[in-house]
Amino acid sequence: MLMPEKAAENFISQSEHIDKVEEYGSGNIHDTYLVRLKGQADGFILQRINIQVFKRPDLIMHNLRLVCEHVHDLEKLAERRIDSSWKMLHIIPTRENMDFFIDPEGGFWRALTFICGARPLEKIASLDNAREAGRALGIFHHQTSDLKPEYLQDTLPGFHNIEFYISQYDQVLSHKISRESSKVEKFYRQFIGDRRSWAPVLENGRNQNKLHERIIHGDPKINNVMIDNQTGKAVSIIDLDTVKPGLVHYDIGDCLRSCCNIQGEEANDPDKVRFDVERCEAVLSGYMGATGECLTAQDFDFFFDAIRLIPFELGLRFYSDYLEGNPYFKTSYPTQNLDRARVQFRLVESIELQEDRIRAIIENFRQSYEKM
């Protein structure tokens, strides 16, 4: 396997020299490194793409190039600039002016600019943090709102397709060795059964032409938002490998799922998990303040469904993975995906119990939006 130092040499000029290369971040998909150059304050991010997860890394780079170039062009227009401190990643070309480098063993490498003076938002410690997470997603949706979705490739076919996930769950269940279900497993199956007819709500909205495809981030969890070390303001959104055509509601629901679960995804006591409505309002406040005028009146009709759906979808995927023997999600103990599913399903229950409050918040934002 090619050492990262050797791969990094393909992204620097003959006159530049590498000072050091160190592992960077906590991602569990790609191998990520921070490359420091001698005599330069700024380094760059070097990544070896996981081609087992992303079978067509060239399509990832195609999407990344289109989105980055589009945003960089917009930043030259003063009337489209939302915040002068906002930073979009740049792709660093190889010495041969390519977007990526493939090593002799088939390793797929790329280099991106490093956002100095900022850090990933690892935890929602205040309502300001929640507001900034929403603002970051709003800026991304605003900046990509006039980029045609058909220009981008679908790098993850089936992603967020709840009907596919339900079908996968049914298949796993049907092949499972017949035995008397435990009380716990009966709960999970009943929980899924009670919601499976409702679950395709967003795709039904798309099929009925009530919702339309736009550019989505695909994974707007909190640690993909970069926060300025001094101001605490969001300055970028990273990890753009899942950028693709889709419904912005999936992004909104996922951002809220990540921000509003006070106990976190690996909660020790799932029964204490709850959806924090104050955080929800803060996230939507930040989002609505940055998204501009790219939403429609019908978009608001599906906001609550998106908030409820995404944790259900993720819980379903965790439970299916557990039934199948944990082939997809990494685990440190045999029932971890079962526990993760419980956390997400508890979040769904909390959202359902607070439906009236959440809908009232959404309605207030709808009314404010219509007055813009």
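The values are calculated or read from the model by the stated rules, or taken from the named source; none is laboratory data. The structure displayed is predicted, hence computed values, not measured ones. Glycine also receives a Cβ, built like all others from the backbone with ideal geometry; neighbour counts cover every protein chain displayed.
Only one of the listed residues (Ala290, Ala282, Ala297) is within 23 Å of Ala267 (Cβ to Cβ), small (Gly, Ala, Ser), in contact (Cβ under 8 Å) with a residue 60 or more places away in the chain and in the same structural domain as Glu132 (by TED's automatic domain parsing). That residue is Ala282.
When the range 88-124 is filtered for residues that are among the hydrophobic types (A, V, I, L, M, F, W, C), modelled with pLDDT under 95 and surrounded by fewer than 17 Cβ atoms within 10 Å (Cβ to Cβ), only Cys116 remains.
Against the definition (at pLDDT below 90 and closer than 21 Å to Val201 by Cα), how does Ala267 come out, yes or no?
Details: at pLDDT below 90: yes; closer than 21 Å to Val201 by Cα: no.
When the stated conditions are applied, Ala267 does not pass them.
Looking across the range 17-39, the residues that are free of Cβ contacts under 8 Å to residues at least 24 places away in the same chain, over 14 Å from Leu112 (Cβ atoms) and in a loop (DSSP other than H, G, I, E, B) come down to His17, Lys38, Gly39.
When the range 31-90 is filtered for residues that are of a type in the set (Ser, Thr, Tyr), in contact with a Lys or Arg (Cβ under 9 Å, 6 or more places away or on another chain) and over 23 Å from Pro4 (Cβ atoms), only Ser85 remains. Only residues that are at pLDDT 75 or above and under 23 Å from the mean Cα position of the chain (by Cα) were counted in the range 76-87, giving 3.
(1) out of contact with any Ser or Thr (no Cβ under 9 Å at 6 or more places or on another chain); (2) surrounded by fewer than 19 Cβ atoms within 10 Å (Cβ to Cβ): which one isn't true of Glu23, the others all being true? Tallying (1) out of contact with any Ser or Thr (no Cβ under 9 Å at 6 or more places or on another chain); (2) surrounded by fewer than 19 Cβ atoms within 10 Å (Cβ to Cβ), Glu23 fails exactly one: (1). For Leu202, state whether it is farther than 28 Å from Leu323 by Cβ and in contact with a Leu (Cβ under 6 Å, 6 or more places away or on another chain). When the stated conditions are applied, Leu202 does not pass them. Restricting attention to the range 291-330, the residues being surrounded by 17 or more Cβ atoms within 10 Å (Cβ to Cβ), among the polar types (S, T, N, Q) and part of a loop (DSSP other than H, G, I, E, B) number 2. Of all the listed residues (Ser236, Ser258, Ser178), the sole one being outside any helix (DSSP H, G or I), under 24 Å from Phe54 (Cα atoms) and either out of contact with any His (no Cβ under 6 Å at 6 or more places or on another chain) or modelled with pLDDT under 95 (or both) is Ser236.
Out of Leu147, Leu112, report the one residue that is part of a loop (DSSP other than H, G, I, E, B), touching a strand residue (DSSP E or B) at 6+ places or on another chain (Cβ under 6 Å) and either within 22 Å of Glu265 (Cβ to Cβ) or not polar (S, T, N, Q) (or both).
On the way: Leu112 fails: part of a loop (DSSP other than H, G, I, E, B).
None of the other options fit; the residue is Leu147.
Considering the conditions (1) over 25 Å from the mean Cα position of the chain (by Cα); (2) in contact (Cβ under 8 Å) with a residue 12 or more places away in the chain, Met3 is excluded by exactly one of them, (2).
For every residue, the table says whether it meets (1) surrounded by 23 or more Cβ atoms within 10 Å (Cβ to Cβ); (2) out of contact with any helix residue (DSSP H, G or I) (no Cβ under 8 Å at 6 or more places or on another chain); (3) closer than 13 Å to Glu122 by Cβ; (4) not assigned by TED's automatic domain parsing to the domain that holds Ala133.
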position	(1), (2), (3), (4)
His217	yes, no, no, no
Lys221	no, no, yes, no
Gln230	no, yes, no, no
Thr242	no, yes, no, no
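Sub-6 Å Cβ pairs linking a first residue in the range 143-159 that is within 18 Å of Glu313 (Cβ to Cβ) and outside the structural domain of Ile51 (by TED's automatic domain parsing) to a second residue that is at pLDDT 90 or above and not acidic (Asp, Glu), at least 6 apart or interchain, are Asp154/Lys244; Gly158/Phe164, ordered by first then second residue.
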